[in-house]
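The values are calculated or read from the model by the stated rules, or taken from the named source; none is laboratory data. This is a predicted model, so every value here is computed, not measured. Note that we place each Cβ from the backbone using ideal geometry, even for glycine, and neighbour counts take in every protein chain shown. Each accessible area value is taken on the protein alone, full model and side chains, heavy atoms only, with ligands, DNA and RNA left out. Shrake-Rupley method; radii C 1.70, N 1.55, O 1.52, S 1.80 Å.
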Amino acid sequence: MKPIYKILLAIFSIALFINACKKQAPVCTGNCETMNANGSVINKLTNTGAAGVPVSLSWVKFVGVFSQSEIITTVNSKADGSFNFTSNIDTTYFSKGYFLSVSIGKSNDYIILGYSGNIETRTYSFDQNAFQHKQFEVYKKATLKIRLHRTFNDTFKSYAITHANVTEDYLYDYNVQSPQEVIDRNTSEINVETVADVYTKINTVKTFANGTSTVTLDSVKCTTSAPGIYEVTF
């Protein structure tokens, strides 16, 4: 698969989990049924329990590529990564185009990668066994600081910086269409959330008007104790 398609695939995967509208669901007053959700959240790299990760039971309805969510219950995973909770749900939501979702979110210590790891499960009809013994996957979070230094006087058509960590799916961090846009943005440092204790691959592509381009590929390992720093001169 070409790199650009991997970038687009990763972006699309993340976009599926973007909520255009998120609110608290009203307390169930009719057509109520109990729904239990239990399972565990693990650090996918170490296969150990991940504590303090938010786990939510929600009604979700897609409108185009965005979603409308009504959160029923949110709990945090326990010290061993486990979760177990029961909620009342209004089953008439199923007839209104909603599905029921259990999903996880990022925390102070962990990030979620929708393109590499299970972060959600759904049911489109009432099933009390739908959310039993579920396992979700997160990654220990680290910060990558990409420091930008515009030192050359060359004229380019575009300049892009992308990164990847546990897969070959690259995500855009920086993309400008001219040297003037660099001045207009006035950006000197980009903070990127990435996976701790693995090498984060950094790819830069400078494209010129004649169709030629220069590409660099490098990597840096980030930890939870201190941000990784990568200097970019272009």
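Extending 7 Å from the Cα toward the beta-carbon at both Thr92 and Thr48 defines two label points whose distance is 4.9 nm. Taking amide hydrogens as placed 1.01 Å from N in the peptide plane, the amide H of Ile229 sits under 5 Å from those of Lys145, each at least 5 positions away in sequence or on another chain. With a Förster radius of 22 Å applied to the C-beta separation of Thr29 and His133, the computed FRET efficiency comes to 0.15. Which entries in the list Lys22/Lys140; Lys61/Lys201; Lys22/Lys134; Lys78/Lys221; Lys106/Lys157 go over 31 Å, if you measure between the two C-alpha atoms of each? Checking Cα-Cα distances, Lys61/Lys201; Lys106/Lys157 exceed 31 Å.
Computed from phi, the 3J(HN,Hα) profile of region 24-38 under the Karplus parametrisation 6.51, -1.76, 1.60 (θ = phi - 60°) reads 7, 6, x, 5, 5, 10, x, 6, 8, 9, 8, 10, 9, 10, 8 Hz, with x in place of Gly and Pro. Relative to the first principal axis of the alpha-carbon coordinates of the chain, what is the inclination of helix 3-15, with its axis defined by its Cα atoms, in degrees from 0 to 90 and to the nearest 10? Value to nearest ten degrees: 30. For Rg and Dmax of the Cα atoms in Å, the listed values are (i) 17.8, 63; (ii) 18.6, 62; (iii) 21.1, 68; which was obtained by calculation from the structure presented? Evaluating Rg and Dmax of the Cα atoms in Å on these atoms matches (iii).
Legend note: in the chain, cysteines whose Cβ sits 4.7 Å or more from every other cysteine Cβ are Cys21, Cys222.
Placing +1 on the Cβ of every Lys and Arg and -1 on the Cβ of every Asp and Glu, with nothing else charged, gives region 130-234 a dipole about its Cα centre of roughly 120 debye.
Calculated FRET efficiency, Phe126 to Lys78, Cβ-Cβ distance, R0 = 22 Å: about 0.20 to the nearest 0.05.
Ranking Ser213, Val138, Ser56 by Cα position along the charge dipole of the chain, where only Lys, Arg, Asp and Glu carry charges on their C-beta atoms, puts Ser213 farthest toward the positive end.
Shown in residue order for region 91-105 are the 3J(HN,Hα) couplings computed by the Karplus curve 6.51 cos²θ - 1.76 cosθ + 1.60 at θ = phi - 60°: 5, 5, 4, 4, 7, 9, x, 8, 10, 9, 10, 10, 9, 10, x Hz (x for Gly and Pro). Each residue of region 195-203 is assigned a 3J(HN,Hα), and the resulting list reads 8, 6, 6, 10, 7, 8, 7, 10, 10 Hz, derived from the Karplus form 6.51 cos²θ - 1.76 cosθ + 1.60 (θ = phi - 60°), x at Gly and Pro. Could you check which residue among Ala25, Ala196, Ala51 shows the biggest mean-square fluctuation in a GNM of the chain with a 10 Å Cα cutoff? Of Ala25, Ala196, Ala51, the Gaussian network model singles out Ala25 as fluctuating most.
Around the amide H of Asp173, modelled in the peptide plane, lie the amide H atoms of Ile161, Thr162, His163, all under 5 Å away and 5 or more residues distant in sequence or on another chain.
Of the residues Asn186, Asn175, Asn43, the one that moves most in a GNM of the chain with alpha-carbon contacts below 10 Å is Asn186.
In nm, to one decimal, how far is the Ile183 label point from the Phe62 one, both placed 7 Å along Cα→Cβ? Each label point lies 7 Å from its Cα, and together they span 4.4 nm.
Take the Cβ atoms of Asn175 and Lys221, set R0 to 25 Å, and the FRET efficiency comes out at 0.50. The amide H of Thr200, built 1.01 Å from its N in the peptide plane, has Val220, Lys221, Cys222 as neighbours under 5 Å, considering only residues 5 or more places off or on other chains.
Taking all protein chains in place and a 1.4 Å probe, what share, in percent, of the accessible surface of the chain do carbon and sulfur account for? The value for the chain is 51 percent carbon and sulfur by accessible area.
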